[in-house]
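For reference, the structure discussed in these notes is given below.
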Amino acid sequence: MGDRYTVGFTGFDETDNEERRIWLYSHWGGNVRHAEIARAIEAATPRWSDPTYATRIAISNIVGDSWKEETGFGIEAGPTCLTSVEYGAILVDWSAKTVTEYAYERGQLLGQEVNQWDLDGFISQYRVTV
């Protein structure tokens, strides 16, 4: 059936000080989501201070060569993501420089906060070196 996960990216728009969120849904890779997200955050390091570029770089790194595929990934904009997943959500906040993991709660994307790291701490904990 899949091994689905959702990761969100957020940051404040300096023009109107509004928080923007975009969610990436992956049909596969839930069991390795932390490593995939750590790799994506690390790739975006030069643009951490620019949420739009950092988000594009991170999403591109997660999707990889699958951009032309019909299935596998979905993107949603908004405060929450309506896609059901087997795991709780992970939210990367470029403005706060944090990664927050939320527990899975049936019918809710953002359940109870499970853990929070700064960006470097998340990379250090989950980066897989080959």
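Data overview
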read-out: Evaluation of ILE57 against (1) surrounded by 18 or more Cβ atoms within 10 Å (Cβ to Cβ); (2) out of contact with any helix residue (DSSP H, G or I) (no Cβ under 9 Å at 6 or more places or on another chain) (one fails), failing number; value: (2)
read-out: Subset of region 86-122 [touching a Gly at 6+ places or on another chain (Cβ under 7 Å), of a type outside the set (D, E, K, R) and in a loop (DSSP other than H, G, I, E, B)]; value: TYR87, GLY88, ALA89, TRP94, SER95, ALA103, TYR104, GLY111
read-out: Long-range neighbours under 8 Å by Cβ, at least six apart or interchain, first residue acidic (Asp, Glu) and assigned to a helix (DSSP H, G or I) within region 32-48, second at pLDDT 95 or above and crowded, with 18+ Cβ neighbours inside 10 Å; value: GLU36/ILE62; GLU42/ILE123
read-out: Filtered residues of region 3-19 (kept if part of a strand (DSSP E or B), of a type in the set (Ser, Thr, Tyr) and over 13 Å from GLY88 (Cα atoms)); value: THR10
read-out: Out of ASP65, ASP120, ASP13, sole residue that is surrounded by fewer than 16 Cβ atoms within 10 Å (Cβ to Cβ), modelled with pLDDT of 90 or more, over 24 Å from GLY2 (Cα atoms) and among the acidic types (Asp, Glu); value: ASP120
read-out: Candidate set: region 49-66, residues that are among the small types (Gly, Ala, Ser) and at negative phi; chosen: the one nearest to the chain's Cα centre (by Cα); value: ALA58
read-out: Hits in region 98-108 (condition: farther than 13 Å from HIS34 by Cα and under 13 Å from the mean Cα position of the chain (by Cα)); value: THR98
read-out: Selected residue (only one of ILE75, ILE22 is surrounded by 16 or more Cβ atoms within 10 Å (Cβ to Cβ) and either hydrophobic (A, V, I, L, M, F, W, C) or part of a loop (DSSP other than H, G, I, E, B) (or both)); value: ILE22
read-out: Any pair with Cβ under 9 angstrom, 6 or more apart, that starts in region 58-72 at a residue that is over 12 Å from ILE37 (Cα atoms) and in contact (Cβ under 8 Å) with a residue 40 or more places away in the chain and ends at one that is among the aliphatic types (A, V, I, L, M) and surrounded by 15 or more Cβ atoms within 10 Å (Cβ to Cβ); value: GLY72/VAL63
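Residue by residue, here is whether (1) of a type in the set (A, V, I, L, M); (2) touching an Asp or Glu at 6+ places or on another chain (Cβ under 7 Å) holds:
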position: ILE59; (1), (2): yes, no
position: ILE62; (1), (2): yes, yes
position: SER66; (1), (2): no, no
position: THR71; (1), (2): no, no
position: GLY78; (1), (2): no, no
position: CYS81; (1), (2): no, no
position: GLY88; (1), (2): no, yes
position: SER95; (1), (2): no, no
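Yes/no per residue for (1) at pLDDT below 85; (2) surrounded by 13 or more Cβ atoms within 10 Å (Cβ to Cβ); (3) over 16 Å from GLY8 (Cα atoms):
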residue	(1), (2), (3)
VAL92	no, yes, no
GLU105	yes, no, yes
LEU110	yes, yes, no
GLU113	no, no, no
SER124	no, no, yes
VAL130	yes, no, yes
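The values are calculated or read from the model by the stated rules, or taken from the named source; none is laboratory data. Computed from a predicted model, the values in this text were never measured in an experiment. No Cβ is skipped: glycine too gets one built from the backbone with ideal geometry, and neighbour counts run over all protein chains shown.
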